[in-house]
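Step one of this worksheet: look at the structure below.
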Amino acid sequence: MLLLLAVIPAQLLFDRFKRIPLAVYQISLGFGLSFLPLFSNLNIDPEVFLLVIISTLMFSDSRKLNLGRFAYSLRSTLSLAVNLVFMSILVVGTFAHVIVPELTWFGGFMIAAILSPTDAVAYQSITAGLSLPNEVDTTLKNESLLNDATGLVAFNLTVSALITGHFSFFGGLTSFGYVFLGGIILGLLLGWGFMTIRRWMIMHHSDTNIVIVPFILVTPYIVYFIAEELNMSGILAVVAAGLLRTWEQRNWQLSTARIQNSTYTVENMISSVLNGVVFIILGINLLTIYQLSTTLQINVIIIGIISISLYLVLAMVRFTWFYMKSKNDNDWQKRCQKSLLSSINGVHGTVTLMMALSIPQDLPGVSVSLRSAIVLITIFVILLSMIVPIIFTSKIVRNTSISTKPNNRDIEIWNGLVDNTLQNLKSQKLPTVIFDFLYPIIVTQRPMTKLKQRDLMNLFQDTQNIEQQVVNTLINQKLVSTNIAKYHQNIIAREVLNQQLTPWTSLMYWFQVINHRQSVSNIKSEQSILYKQRQLIESVSYELIMDFLKQQDTNLQSVTANTLARIYSTRHDETLNLETINQERFYMLQMFANEIEQVRQLYWQNEITLSESRKFIYDLSLQQTIFVGRHFE
């Protein structure tokens, strides 16, 4: 549970200081947790870790792939996942054997097999805030999905060779083919089986959230477990099953939108949390491994020098490979820059660490101190592979003419969409009640600054004074009762406090909730006149309040004024007739459609890229889905 809770402060720190990758915060928090007695001797079985966490993350990552691009680059991806890994093992293994005399040839190849594969989870986390060229980004994503399996197979072969004392090239090739190809084929077969069952449930109207979502969540566990029991690659089986599910989602549309949205949301949430847990576990292991190395009197400085040397050799192998493979590029400078980016962004992660930790304790030719040294070297190389891209990638990209993914235009594009939509809204000359409902929703689509609680409370006090004057007049005229007026006003007070729950406002919020319940009990005898009296209050105060808020936001950009306007308009809906409410909802859906059309027009006019258009259409569609979920239930 503490591992899950540790994900939260890491995310909060990242939201505040985005220049440092999220994974760094997670590793640091994990390192902090390692000083607690509960985590001082945390031992996680590598097989359990791969089954419970990595299989889920790989299944999720494969679902996010662009199948068209993946199929187009399949040949080069397989070359990276197999040929480059084996080339790295040969070169790095030989170098490790030379600089560490205690390592036999097979021992050198074993540590090279551990260090050669890149990690999909680590790559996504470390490069999330970096502006990598699209071509490099796609290549490294595809590579990291498949090369873990190659590294695991090579690792198992070298361990077997160390145990038996001999190695058969033909036997190793056969074993690799069985594990690698067998994992892919089994994953496709099992994925097809799960797909068939899902389709059967959908066709027989059994596709409820409580059935489909758990069914999809257990899929990677079952696929991985069966593959490993058959001595095939569980990772490749999970990736293959995930790719098949991606194909199904994009080509078979009978599943309801509600189910697809629920599944997507739950999967993303679980994936994000597990991703954080991965790096927290990595951080927890740092102290334990360091203490073990101290106990065994391992020279950390020498280990550091060896780690840097192995990392540099590995990076040189990757650079040479990518440079040779891009020989069709006539611009040698751009060719060097892309190759350099591809080499330093080959990030290693917890799969690499788990391979090192799974080295048998009594492995022939590998003493206890040497095993600990290998694990420590692995940790150093993993950290280097994370630190180097953070420091150098942005500098390399800044000094190149390589086109990168634009990431600074979101605010400009959103403001343009909102401005055009508001202009369109004003030109329709809608009834005031409908306009007042729509405009704060549209304005708050802007990427705005943080909502300041003090400003919101001050503005709320002003609107409350306006409403209080109306209420006092109506009470004096005996048109509304004091209890109903208090009940009506508490709705706004409670929702204002709910906008930003600091510890103090949290207490105030729950006080308002309790107070609201008391107000409900006080008006039980007045239920028959509740609606009419609330409607009377709204008929006088609502327009005055909305006019006041418009005066505070003449350029329709204030997050404070429009947040408060949305709260008041939501309460106002409770006193409207059904026809007016339906008009508000359908006009808002029309606004969403207009915004999506604007994005399409921007793309056709070459003012935004295809990836930008897809991103904004996705965001608008998601906002529309949330709106429908809230207002059409």
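The values are calculated or read from the model by the stated rules, or taken from the named source; none is laboratory data. In this text the structure is predicted, and so the values were computed from the model without any measurement. When we count neighbours, we look across all protein chains shown, and the Cβ atoms used for this are built from the backbone with ideal geometry, even at glycine. Ligands, DNA and RNA are excluded from the accessible area calculation, which covers all protein heavy atoms including side chains. Shrake-Rupley method; radii C 1.70, N 1.55, O 1.52, S 1.80 Å.
For region 11-86, the helices (runs of 4 or more DSSP H) that sit wholly inside it and include 1 or more residues that are aromatic (Phe, Trp, Tyr) and under 29 Å from GLU135 (Cα atoms) are 22-33, 55-63, 67-72.
Go through region 568-604 and give me each residue that's part of a helix (DSSP H, G or I), among the polar types (S, T, N, Q) and either free of Cβ contacts under 8 Å to residues at least 12 places away in the same chain or more than 17 Å from LEU430 (Cα to Cα) (or both). Step through it out loud before you land on a result.
Going through region 568-604, the residues part of a helix (DSSP H, G or I) turn out to be 568-573, 578-604.
Add one more test, that the residue is among the polar types (S, T, N, Q), and what stays is 569-570, 580, 582-583, 590, 594, 598, 601.
Selection gives THR570, ASN582, GLN590, GLN598, GLN601.
Condition check for ASN472 on (1) surrounded by 17 or more Cβ atoms within 10 Å (Cβ to Cβ); (2) assigned to a helix (DSSP H, G or I): one failure, at (1).
Of all the criteria given as (1) within 27 Å of the chain's Cα centre (by Cα); (2) not assigned by the TED database to the domain that holds LEU456, the one not satisfied by ARG585 is (1). Answer yes if at least one residue in region 509-529 is modelled with pLDDT of 85 or more and either over 21 Å from PRO440 (Cα atoms) or not hydroxyl-bearing (Ser, Thr, Tyr) (or both), and no otherwise. Checked against the condition, which is being modelled with pLDDT of 85 or more and either over 21 Å from PRO440 (Cα atoms) or not hydroxyl-bearing (Ser, Thr, Tyr) (or both), region 509-529 yields no hits at all. Residue check: LEU146 meets all listed conditions (1) crowded, with 16+ Cβ neighbours inside 10 Å; (2) more than 23 Å from MET58 (Cα to Cα); (3) at pLDDT below 80 but one, namely (2).
For the structure I just gave you, tell me whether ILE608 is assigned to a loop (DSSP other than H, G, I, E, B) and closer than 21 Å to ASP419 by Cβ. Answer is yes for this residue.
Screening ASN420 on (1) open to solvent by 60 Å² or more (accessible area, probe 1.4 Å); (2) at pLDDT below 85; (3) assigned to a helix (DSSP H, G or I); (4) not assigned by the TED database to the domain that holds ILE529 shows it passes everything except condition (2).
Within region 293-375, considering only helices (runs of 4 or more DSSP H) that don't extend past its boundaries, which have at least 3 residues that are of a type in the set (Val, Ile, Thr) and crowded, with 18+ Cβ neighbours inside 10 Å? Reasoning before the result, please.
Details: elements: 300-325, 332-344, 350-357.
Per the criteria, 300-325, 350-357.
Residues considered: SER427, SER369, SER385. Of these, the only one that is out of contact with any helix residue (DSSP H, G or I) (no Cβ under 6 Å at 6 or more places or on another chain) and at pLDDT below 85 is SER369. For region 1-18, the set of residues classified as within 17 Å of the chain's Cα centre (by Cα) and in contact (Cβ under 8 Å) with a residue 40 or more places away in the chain consists of LEU4, ALA6, VAL7, ALA10, GLN11, LYS18, listed by residue number. Of the residues making up region 95-126, those that are open to solvent by 10 Å² or more (accessible area, probe 1.4 Å) and not β-branched (Val, Ile, Thr) are PHE95, HIS97, PRO101, GLU102, TRP105, PHE106, PHE109, GLN124, SER125.
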